[in-house]
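Asker: To start, I am sharing the structure in question, which I have written as structure tokens.
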Amino acid sequence: MNYRHAYHAGNFADVLKHSVLIGLIETLKQKQSPFCYVDTHAGRGRYDLHGEEARKTREFADGVLRLLDAPRLPAALHVYLNLVRALNGSRASHDIAVYPGSPLLASLLLRDEDRAQLCELQPDEAAALRALFRPDARVAVHERDGYEALKALLPPKEKRGLVLIDPPFEAQDGEFRVIETALKQAQARWPNGIYAVWYPIKLRQQLASFHRWLKGSGFPKVVIAELLIHPDNSALRLNGSGMAIINPPWKFDRQLEELLPVLAQHLSQGRFGQHRVEWLVQD
Ligand SMILES: C[S@@+](CC[C@H](N)C(=O)[O-])C[C@H]1O[C@@H](n2cnc3c(N)ncnc32)[C@H](O)[C@@H]1O
């Protein structure tokens with residue numbers, strides 16, 4: 001396990017993932033009953049964009065920084081930027097030092113009665129995550145394999161909520177097969193849960209088998225949202241990324257249809273920028 005998210009925090013892929021996550025959580029909050037947020041690959045929760053790792057790659061410059069001045073944003077992006085700004089105080093107009101990972105964004109949106117279950121396998125990252133959430137009784141941190149943990153954590157007692165699956169894809173294409181196995185097991189335990197899976201896009205053909213699996217998975221609704229900032233014809237770089245959302249909330253595709261063009265407009269590289277929202281399964 002060499003992956004450290006600090007090198008990538010706030011990049012264009014994080015912007016897609018985190019704005020979709022916020023849209024899902026805000027939609028869950030439209031009902032009064034409590035829900036549970038499960039993050040299988042949580043990371044350390046908060047990243048220092050002035051730190052050595054982030055300064056080395058500066059990926060955030062082509063991600064979150066590009067949105068800071070953007071006018072008239074869809075609701076999820078507006079909430080996202082407000083949270084980022086609030087964490088950075090007065091310096092937030094053009095300089096971001098603190099970047100929130102998925103668990104921190106989620107925790108800032110959860111209500112008192114909602115809960116979060118966070119899994120992180122890498123010991124240093126898990127220790128940082130635990131320290132961040134020690135004072136927060138709503139949040140439990142587990143230093144363990146997030147795929148394995150789903151067997152114990154699902155279904156949550158609230159019977160409502162969202163599982164984010166955001167692995168590092170160190171196993172390349174093999175990670176898709178691991179995700180499929182985990183989703184199959186999760187489906188048996190909690191068929192109605194919302195599952196949001198982040199995936200990298202390098203070569204288009206690397207995704208065919210995962211999309212085929214989702215179509216035949218037996219889940220009644222699966223929608224994908226993809227953002228490409230380079231053509232998807234090279235295995236050597238991250239050309240784009242996608243979110244597969246299983247059992248999305250009612251009309252969530254409309255939020256995605258509003259969000260994706262705005263992300264493409266601000267995050268495109270040169271003249272290239274493509275996005276798509278597509279139902280893989282719709283009952
Ligand atoms: C892409 S990062 C997560 C970023 C985080 N979800 C966010 O949006 O802020 C992936 C994380 O998964 C951790 N990890 C790798 N394999 C894991 C596993 N099997 N179970 C739990 N965590 C794992 C890595 O240490 C890394 O911190």
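Asker: Among ALA235, ALA149, ALA186, which one shows the highest mean-square fluctuation when the chain is modelled as a Gaussian network with alpha-carbon springs under 10 Å?
Answerer: Maximum among the listed residues: ALA235.
Asker: Can you give me the three principal axis dimensions of the stretch 1-102 from its C-alpha atoms, in Å, biggest first?
Answerer: Taking the Cα atoms of the stretch 1-102, the three principal extents are 43, 38, 21 Å.
Asker: In addition: Do you know the relative contact order of the stretch 87-228, to the nearest whole percent, from alpha carbon pairs under 8 angstrom that are 6+ apart?
Answerer: 18 percent
Asker: Given Cα pairs under 8 Å that are at least 6 residues apart, what percent is the relative contact order of the chain?
Answerer: Here the relative contact order equals 21 percent.
Asker: Next up: By Kyte-Doolittle mean hydropathy of at least 0.0 and Cα axial length of at least 18 Å, which whole DSSP H helices of the chain are selected? Don't skip to the answer; put the middle values down first.
Answerer: On the way: long enough: 12-28 (24 Å, 1.25); 75-88 (20 Å, 0.93); 174-189 (23 Å, -0.46); 252-267 (22 Å, 0.06).
Result, helices passing both filters: 12-28, 75-88, 252-267.
Asker: So, in Å, what gap is there between the alpha-carbon centers of the stretch 231-250 and the stretch 257-283?
Answerer: Taking the Cα centre of each part, the stretch 231-250 and the stretch 257-283 sit 10 Å apart.
Asker: Summarise the long-distance tail of P(r) for the stretch 211-283 by giving the % of C-alpha pairs beyond 18 Å.
Answerer: Details: 1152 of 2628 pairs.
Across the stretch 211-283, Cα pairs with separations above 18 Å total 44 percent.
Asker: Next up: Using a cut-off of 15 Å between beta-carbons, work out the net charge of the residues near GLN205 (Lys and Arg +1, Asp and Glu -1, GLN205 not included).
Answerer: Local net charge: 0.
Asker: Here is a follow-up. Cα centroid distance between the stretch 101-129 and the stretch 55-77, in Å?
Answerer: If we compute the Cα centre of each part, the gap is 22 Å.
Asker: With Kirkwood's inverse mean 1/r over C-alpha pairs for Rh, give me the Rg to Rh ratio of the chain, two decimals please.
Answerer: With Rg and the Kirkwood Rh in hand, the quotient comes to 0.93.
Asker: Can you give the longest run of the chain that contains no GluC sites (Glu not before Pro) sitting in a DSSP loop with at most 12 other Cβ atoms inside 10 Å? Working shown, then result.
Answerer: Values: sites that count: GLU113, GLU170.
Here the longest run is 171-283.
Asker: Continuing with this model, one more query. Tell me, what HN-Hα J-couplings in whole Hz come from the Karplus equation 6.51 cos²θ - 1.76 cosθ + 1.60 at θ = phi - 60° for each residue of the stretch 156-163, using x for Gly and Pro?
Answerer: The phi angles translate into x, 5, 6, 6, 8, x, 9, 10 Hz.
FYI, it's all coordinate maths here, none of it is from the lab. Source: prediction; values computed, not measured. As a convention, Cβ positions derive from the backbone with ideal geometry for all residues, glycine included, and neighbour counts pool all protein chains shown.
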